Structure formats: structure tokens, C-alpha cells
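Chemist: Mind having a look at this structure? Questions to follow.
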Amino acid sequence: MGTSYQESSSLLLQDLKVTIKEASLILPSEETLTSERKSMFLSNVDQILNFDVQTVHFFRPNKDFPPDIVSEMLRKALVRAMDVYEFLAGRLRLNPSSGRLDVDCNGAGAGFVTAASEYTLEELGDLVYPNPAFANLVTSQLQTLPKDNQPLFAFQVTSFKCGGFAMGISTNHTTFDGLSFKTFLDNLASLLSEKPLSTPPCNDRTLLKARTPPRVTFPHHELVQIQDSETTTVFEATSEHLDFNIFKLSSQQILMLKEKASESISSGCVRATGFNVVTALVWRCKALSSVEEDLEKESTILYAVDIRGRLNPQLPSSYTGNAVLTAYAKAKRKALLEEPFGRIVEMVGEGSNRITDEYARSAIDWGEMYKGFPHGEVLVSSWWKLGFAEVEYPWGKPKYCCPVVYHRKDIVLLFPDIEGDGKGVYVLAALPSKEMTKFQNWFEDTLS
């Protein structure tokens, strides 16, 4: 059975008692500030991701690197980082001639905040459990700046009474996807250790520019045109009360799911990967947990696919922009109830395989013509194998890394396991109470 963490929610600290000590702007080096001012094109994939992503990276105490020393090291390293990541010191602007967002690389600076909590790291409890109070550890808005001049990137170092600390990082999603953010962290760690960049970044977003003229050559069931210009996302917060629950899958359980899937996969083009089997499990549970009993109703699951290696020519692995597209799988609920588990895994794999060079270019051109967003019944957002916790800073690797979670009924999150062999995964779902009960029952049924 998957381990459930639901009962822990009542034990979470509601307030981390964080006091802001200093908030300031970090500016690029004089050389970067005096160079020719430029704007950075944003692709159609970047354009729809104008919202902040907040992550927290927790570190154990290290007597050689107390939080004050760490803060000073980070300030200096971030100045150097902005020499190659110029857009991090810029501001998002609507280009009046094109009607598109771009980044004005004006050197206005990134946010830097130092803070202190009255708690020790241990007193925070189980870091795996997504405590909404972790938002105390991140700054996305500097109070001293007007709303239209907020940084795209802000860093907060929060010290704990034990000597441990957290790095809270807020980035506008137009700046990075998960993989390029991991590369940024690796580069930051290199600069902190006075080493050359581990991977010099490729900031040319025109590599994902739409074709002229745009050509939509595939049906894109994963995308929906937004008529209402006020709508910013199809995955809006719900006013319903949501239970949230974490289901832990060990590496052994994932292996068991792979074996179960392999018994009924008929296509030689689809593999029973860890991601495919966990996504298939989530899809089955989410579709069958609906209060609607109509088994003829279609269910669509969405999940991100990295396209760097799928394009021709391939994108550089160091590409900093958003190089992920939304793959989808859809089926009637009846099929998700009755088909062998391997067939569900197969549909997930087929959705990923669908994204070829031409399909990706077609999706980007669709965005040029119609302006829309991914749309489905459920989105799987995976932080599982991004490797943020593997970054080696001068003071060591993080104890744990996680996004600041704002629960959405239609989004299921995958987190890496920090216990055992580290190859397991945590599945976070937020659902109304009755649906959560059904979700948990189907989760256990599929594992049995």
C-alpha cells in the first residue's frame, strides 16, 4: 500500500515567525550595466507562463558557513550570475508594437532579502509535507517598489535558531523551466565555489519562435483558446474545501507497477518508465474518483514533456527558456476502469511519443494564431527527477527542496522521496473529501 500522510496536516506550524531583516536590490556588475541595453524575446511557450514559481531549499547547520556568511557569498555570486543571465535583472514589459511580452534587460536588479525565524529546522516538522506556511520563506514582491517594477527574480535567506537556513527563490516562470532552473542552480553553486560556470547558458528564445507563416499541422486537443482576456489560467483555485493528502510510493512499489504494466503493454514503442506508470496510476485514480458516475465521459490527463532533444536541430541542453510542451492522453472512464493497467500506461507513453519536431512546431504555431492554454481534467506537475536536492553548494547539498504549494483540485504534484534509497516518489493530491476517499481507494486497488 502507498503510505498516506493525511493525518499530519493538523500538526503543521501555521506561522513560521519570520522577521525580515533587510530587503534590497542586487544589481549586475558595472560592465553589464554599461553595455548596450537590449530586450529579450519570449517564445509562445514562455508567454503563457507569466506567474511566479517559488521554491524553498533547506540546509542543515554548518559551522563553517553560518547564514550571515552564506548571505554575503550569495550576494556576490548573484552579481556574477547576472552577467550571463542578464534577464534576471530585467523587467517584464508588454511590447506595444508586437502586443507580446518581452524582457527589458534594463539592469533594474533582482530582489535579495535576509530574514530570521524563531524556530529551529527540526521544529518545522516533516519537510516533505507541503506546509502553506513555507510561503513565509520566500519573497516575490518588494514593498518598496511599485507593482509594475517588481523583479523577475528574488532570493530570500532565512536563518533558523539552530544555525540552519533556507534559501527561498521566487522566479517568474517566463525566466526558466524546471531543467533550466536546475542548470542555473548548478551554475550558482560553481560561482559560489569560485569555479567557472558548469554550463554556460543559451538565452536565445528565438530558437522557439513560431514559423512564418505559422502552420498548425496537428489537432491540439491539449490546448484551448481563451476568449476572455481576463482569464489567466484554466487551472483556477476552487472555493471548495479540499483535503490534501500525500501518497508515498517506494522504489519497490514503482518496480511492481512497472512489472504489472509490462504484462499488458503491446506496443514496442512505449516503455513502462517510472514516470509513465505513476502518471497512469494518478490518471486512473483521479478519473474514477469523480462524483459523476458517467463512465462514458472522457477524461484527459496533461503532463509536461521536455522538447530539447526532440527538435531538429535539437535545442542546446543549456537553453534557459521554457522548452516543455504539454502532452496529453484521453480515454473514457470506462476504459480506465476496465482496461489492463498496461494499456493505461501505454496511452500515457503514446501521448509523450506524439511530440515530435513537427508536432512541437505545430503547437508553437497554434499559440501564435490562437492564444490559449493547456486544458484537461488533471495536470501532473512533476518535480520528481529535476535534481534540485543534488546541487552541491560550498555548504553541502540541501536537506530537502520543494515548491511552495498552493493546492489546486486539478493539479497533482510529484515530489522526490528523501528517505530510503531516494528512488521513490511522493504523490500530492488535493480533492474534496468524498473524491479524496475514492482516490485513495482506487490508489490502493491499483497497487494490490
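Chemist: Picking from P213, P416, P61, which is most flexible by a Gaussian network model of the chain using Cα springs under 10 Å?
Modeler: Evaluated over the chain, the most mobile residue of the options is P213.
Chemist: Still on this structure, please answer the following. So what does the Cα-only Debye profile of the chain read at q = 0.06 Å⁻¹, as log10 I(q)/I(0), no solvent term?
Modeler: Evaluating at q = 0.06 Å⁻¹ gives log10 I(q)/I(0) of -0.26.
Chemist: I've got another one for you. Please report the carbon-and-sulfur percent of the accessible area for the chain; probe 1.4 Å, protein heavy atoms only, DNA, RNA and ligands left out.
Modeler: Percent of accessible area from carbon and sulfur atoms in the chain: 51.
Chemist: Right, here's the next one. Answer with one residue from T120, A81, S71: the one whose Cα lies farthest towards the positive end of the charge dipole of region 1-157, charges on Cβ with Lys, Arg +1 and Asp, Glu -1.
Modeler: Positive-most Cα among the choices belongs to A81.
Chemist: Right, another one. Based on the Cβ-Cβ distance from L94 to V216, what FRET efficiency comes out when R0 is 30 Å, to the nearest 0.05?
Modeler: 0.75
Chemist: Another question, if that's okay. In nm², what is the average projected area of the convex hull enclosing the Cα atoms of region 273-331?
Modeler: 5.5
Chemist: Enumerate the calculated ³J(HN,Hα) couplings along region 105-122 in order (Karplus 6.51 cos²θ - 1.76 cosθ + 1.60, θ = phi - 60°), each rounded to whole Hz, writing x wherever the residue is Gly or Pro.
Modeler: Rounded to whole hertz, the list is 7, 9, x, 5, x, 10, x, 9, 10, 10, 8, 9, 9, 7, 9, 8, 4, 5.
Chemist: If you plug each phi of region 61-78 into the Karplus form 6.51 cos²θ - 1.76 cosθ + 1.60 with θ = phi - 60°, what whole-Hz ³J(HN,Hα) values come out, in order, with x for Gly and Pro?
Modeler: Working through the residues one at a time gives x, 9, 4, 7, 9, x, x, 5, 5, 4, 4, 5, 4, 5, 3, 5, 5, 5 Hz.
Chemist: Another question, then. Among Y370, Y328, Y359, whose mean-square fluctuation peaks in a Gaussian network model of the chain (Cα, cutoff 10 Å)?
Modeler: Evaluated over the chain, the most mobile residue of the options is Y370.
Chemist: Would region 336-448 count as rounded, prolate or oblate if I go by the C-alpha gyration tensor, calling it rounded below 1.5 in a/c and otherwise prolate when a/b exceeds b/c, oblate otherwise?
Modeler: Taking the square roots of the gyration eigenvalues as a ≥ b ≥ c, region 336-448 is oblate.
Chemist: Let's see if you can work this out: charge +1 on each Lys and Arg Cβ, -1 on each Asp and Glu Cβ, no other charges. What is the dipole magnitude of the chain about its Cα centre, in debye to the nearest 20?
Modeler: For this selection, approximately 620 debye.
Chemist: Under the Karplus relation 6.51 cos²θ - 1.76 cosθ + 1.60, θ = phi - 60°, what is the ordered set of whole-Hz ³J(HN,Hα) values for region 182-190, x standing for Gly and Pro?
Modeler: Once rounded to whole Hz, the list reads 4, 4, 4, 5, 4, 5, 4, 4, 5.
Chemist: List the pair-distance distribution P(r) of region 113-253, using every Cα-Cα distance, as the percent of pairs falling in each 10 Å bin from 0 up to the bin containing the longest distance, rounded to whole percents.
Modeler: 8, 20, 33, 27, 11, 2
Chemist: I need the GluC sites (Glu not before Pro) found in region 103-151, filtered to DSSP loop residues with at most 16 other beta carbons within 10 Å of theirs.
Modeler: On the way: sites: E118, E122, E123; in loops: E118.
Listed in order of number, the matching sites are E118.
Chemist: Given H placed 1.01 Å from N in the peptide plane, which residues other than close sequence neighbours of D52 have an amide H under 5 Å from its amide H?
Modeler: H173
Chemist: Given a 1.4 Å probe and heavy atoms of the protein chains only, how would you sort T34, T437, T114, largest accessible area at the top?
Modeler: T34, T437, T114
Chemist: At a threshold of 8 angstrom on Cα-Cα distance, excluding pairs fewer than six apart, so keeping six or more, what relative contact order does the chain reach in percent?
Modeler: 23
Chemist: What is region 286-406 by shape, rounded, prolate or oblate, if you read a ≥ b ≥ c off the alpha carbon gyration tensor as root eigenvalues and call it rounded for a/c under 1.5, prolate for a/b larger than b/c, and oblate otherwise?
Modeler: oblate
Chemist: Run lengths n ≥ 4 of DSSP H only: what is the helix-derived mean residue ellipticity at 222 nm for the chain, with -39500 (n - 2.57) per run over all residues, to the nearest 500?
Modeler: -8000 deg cm²/dmol
Chemist: Kindly provide log₁₀ I(q)/I(0) values, in the same order as q = 0.15, 0.16, 0.28, 0.29 Å⁻¹, from the Debye equation applied to equal alpha-carbon scatterers of region 45-106.
Modeler: Debye output, listed in q order: -0.70, -0.75, -1.20, -1.21.
Chemist: At a probe radius of 1.4 Å, what is the per-residue accessible area of D294, in Å² to the nearest 10?
Modeler: Accessible area, nearest 10 Å²: 80 Å².
Chemist: Can you give me the orientation-averaged projected area of the convex hull built on the Cα atoms of region 70-150, in nm²? Show your work: numbers first, answer last.
Modeler: Working: hull surface 32.0 nm².
Result: a mean projected hull area of 8.0 nm².
Chemist: On to the next question. Starting from a Cα-only point model with no solvent, please compute log10 I(q)/I(0) by Debye for region 171-312 at q = 0.14, 0.16, 0.19, 0.21 1/Å.
Modeler: -1.21, -1.38, -1.40, -1.40
Chemist: I'd like the Kirkwood hydrodynamic radius of region 1-157, using the inverse of the mean 1/r over distinct C-alpha pairs, in Å.
Modeler: When all Cα pairs of region 1-157 are included, the Kirkwood radius is 18.0 Å.
Chemist: Name the most mobile residue of S35, S71, S180, meaning the one with the largest mean-square fluctuation, in a Gaussian network model of the chain with Cα contacts below 10 Å.
Modeler: S35
Chemist: Right, something else. Quick query: amide H of L302 versus all other amide H atoms, modeled in the peptide plane; which residues come in under 5 Å with a sequence gap of 5 or more or a different chain?
Modeler: Counting only residues 5 or more places away or on other chains, the set is V378, L379, V380.
Chemist: Name the long-range amide H neighbours of T356: under 5 Å, sequence gap of 5 or more, or other chain; modelled H, no Pro or chain starts.
Modeler: For T356, whose amide H was placed from the backbone, there are no distant partners under 5 Å.
The values are calculated or read from the model by the stated rules, or taken from the named source; none is laboratory data. Note that the structure is predicted; figures quoted are calculated from it, not measured. Note that each Cβ is placed from the backbone with ideal geometry, even for glycine, and that neighbours are counted across all protein chains shown. To get the accessible areas, we keep the full protein, side chains included, count just its heavy atoms, and leave off ligands, DNA and RNA. Shrake-Rupley method; radii C 1.70, N 1.55, O 1.52, S 1.80 Å.
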